[in-house]
Every structure is written in structure tokens, then in C-alpha cells.
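First up is the structure itself, then whatever we jot down about it.
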Amino acid sequence: MRDLIGSHDLLLVTLDTLRFDVADDLVRAGRTPTLARVLPGGRWERRHSPASFTYAAHHAFFAGFLPTPTDPGPHQRLFAARFPGSESAGTNTWVFDAPDLPTALRAEGYHTVCVGGVGFFNLRSPLGAVLPGLFAEAHWEPEFGVTAPDCLDAQLDRLTGVVDRVPTGRPLFTFLNVAALHQPNRHYLPGATADDRASHAAALEYVDSRLDRLFALATARGRPTFVILCSDHGTAYGEDGHTGHRIGHDVVWTVPYAHFTLHPGDT
């Protein structure tokens with residue numbers, strides 16, 4: 001990633017709460033065709049999240065601790081906040097002297113934008129303003145949140161206006177947190193009365209159906225865009241008696257991950 005800074009726009013998308021097993025099953029079954037086209041090899045990479053819930057995971061992400069490959073390491077990170085003793089920053093790692101990625105990119109001339117989804121990005125409390133406060137520009141509305149069936153559509157409507165305002169000569173870092181996978185998600189499955197793996201899968205199909213629009217927006221400025229696409233954590237639907245997340249269960253810690261570059265004309 002080090003050699004891309006300045007020449008590429010950056011897009012970091014967290015599909016909040018997406019389980020690896022559901023994501024992997026759907027792409028293998030052909031139920032997420034947009035993702036199948038952009039994921040390297042047409043498949044998700046299985047990784048472990050640094051945390052079991054949104055707030056902690058994103059603090060780690062913005063410091064350079066993205067989900068970790070599950071095979072034995074060490075694993076070189078894409079980017080990293082400099083600190084003594086780090087053993088996972090290598091020759092291709094972009095190492096910065098700032099506490100977080102948005103601050104570091106702003107120093108490199110990037111316009112930084114957050115379009116939030118779940119409550120930790122809602123700007124409605126001191127806690128909900130911490131993560132968005134790292135960015136030069138941050139947006140959240142109830143229509144972006146977990147109870148809105150068209151949440152990603154509303155976010156993309158807002159993002160369209162943002163992209164149109166940023167001069168094409170200035171690099172852009174966009175962070176998008178997608179809330180659709182998070183409970184409640186039963187509204188994506190007609191007739192469902194409770195959240196379960198099936199409604200979680202239906203939510204991912206909704207998201208996949210909107211990703212072409214996101215990727216077109218990302219490349220509309222005529223610049224190549226480096227994309228990081230992952231979940232921040234999974235969630236339990238009754239496994240071993242557990243429901244939800246912020247627990248140390250494999251379905252929570254194991255997440256899908258991918259990164260790739262989009263060029264104008266790819267979408």
C-alpha cells in the first residue's frame with residue numbers, strides 16, 4: 001500500500017457484523033454476483049478480527065490492525081501507525097507518524113470522509129462522535145442505521161453528493177460502515193419474524209445488489225481506487241446458546257476480508 005499513497009483514492013468499507021461462513025456460502029452459491037466479480041479469485045479471505053464489536057474493531061483498523069490472516073504469521077500489514085517494537089510493519093507497509101489513518105491521510109493531502117451506519121457513528125452522543133471525529137467530514141442519519149431497510153441506498157445518495165464536491169485533483173479517502181447485516185435484519189427476508197442466518201444472508205444479498213453503484217462512485221473521479229472490504233466482527237444466532245456479539249466465539253471472531261484495486265471503467 002505504501003506506493004499507492006497520493007496516486008490512488010482509498011475506500012474502506014466495513015460490512016458491519018457480517019459472518020465469514022455466511023459470506024463464503026453466498027459467494028460460492030452465486031448469490032452475491034457483484035462481490036464474486038471483484039473479490040480476488042472470486043472468494044473471500046478468512047481472517048480473524050482484532051475485536052468482537054464495532055467500536056473496538058474500528059479503533060484497531062484505523063491504527064493499522066486490520067483483520068489478521070488465519071494462517072501462521074508474521075503477517076505484514078498494509079499500513080501502520082508507527083510505534084516502537086512493531087513486528088508486523090514491513091517493506092510494503094505504509095508507516096505513518098499519526099495515531100490513526102484518517103489523520104495520517106489528511107496530512108498527505110487527502111480529503112477524508114466518514115459515512116456511518118451503526119450507532120457508534122451516529123454523532124448523537126460523545127461516544128458516537130469519537131470515530132467520526134477522526135475525519136474531516138462525517139455523515140450519519142437514521143436512514144443510514146440498523147433499522148432502515150434501504151440504509152445502503154441512503155448512504156450512497158449522500159456519498160454521491162460528497163464525491164461530486166471533491167476536486168478530482170485531490171485524493172479522497174472514503175470510509176463507509178454498512179449497517180444492513182446488523183440485527184435487526186429480518187426485514188430483508190419476507191415473512192421472517194426473527195433474525196437468523198437466513199435473514200443475515202438476505203441482508204448481504206441486498207448489499208451486494210448495491211455495490212455496483214458504490215464501485216462506480218469510487219471510480220467516477222477518474223482515479224484508481226484501492227479498496228479494503230471486510231467485516232469488523234461476526235455475530236451469533238444461537239450457536240452454543242449465544243446470540244449477538246462482544247463475545248469470544250468463533251462465529252464472532254472469524255470475518256471475511258478482501259483488498260483490491262479498481263480502475264475507471266472497471267464497473
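The values are calculated or read from the model by the stated rules, or taken from the named source; none is laboratory data. Quantities reported herein were computed from a predicted structural model and do not represent experimental measurements. Note that each Cβ is placed from the backbone with ideal geometry, even for glycine, and that neighbours are counted across all protein chains shown. We work out accessible area using only protein heavy atoms, side chains counted, and drop any ligands, DNA or RNA first. Shrake-Rupley method; radii C 1.70, N 1.55, O 1.52, S 1.80 Å.
A few comments on the model shown:
- Qualifying positions in the stretch 20-73 - under 16 Å from the mean Cα position of the chain (by Cα) and without any contact (Cβ under 8 Å) to a residue 12 or more places away in the chain: 56, 60
- Subset of the stretch 96-117 that is free of Cβ contacts under 8 Å to residues at least 24 places away in the same chain and not in a helix (DSSP H, G or I) - its residue that is most open to solvent (accessible area, probe 1.4 Å): 97
- Close pairs from the stretch 236-250: first without any contact (Cβ under 8 Å) to a residue 24 or more places away in the chain, partner open to solvent by 70 Å² or more (accessible area, probe 1.4 Å) and among the polar types (S, T, N, Q), Cβ under 9 Å, at least 6 apart: 236/243
- Looking at 61, 65, 120, 83, just one residue is exposed (fewer than 15 other Cβ atoms within 10 Å of the Cβ) and not in a strand (DSSP E or B), and that residue is 83.
- Remark: pairs (first residue in the stretch 74-88, in contact (Cβ under 8 Å) with a residue 24 or more places away in the chain; second residue among the basic types (Lys, Arg) and open to solvent by 50 Å² or more (accessible area, probe 1.4 Å); Cβ separation under 9 Å; 6+ apart in sequence or on different chains) = 78/2; 79/2.
- Among the candidates 128, 133, 85, the residue that is under 30 Å from residue 22 (Cβ atoms) and out of contact with any His (no Cβ under 6 Å at 6 or more places or on another chain) is uniquely 128.
- Residue list for the stretch 1-49, filter: crowded, with 20+ Cβ neighbours inside 10 Å, farther than 15 Å from residue 262 by Cα, in contact with a strand residue (DSSP E or B) (Cβ under 6 Å, 6 or more places away or on another chain) and among the charged types (D, E, K, R): 16, 47
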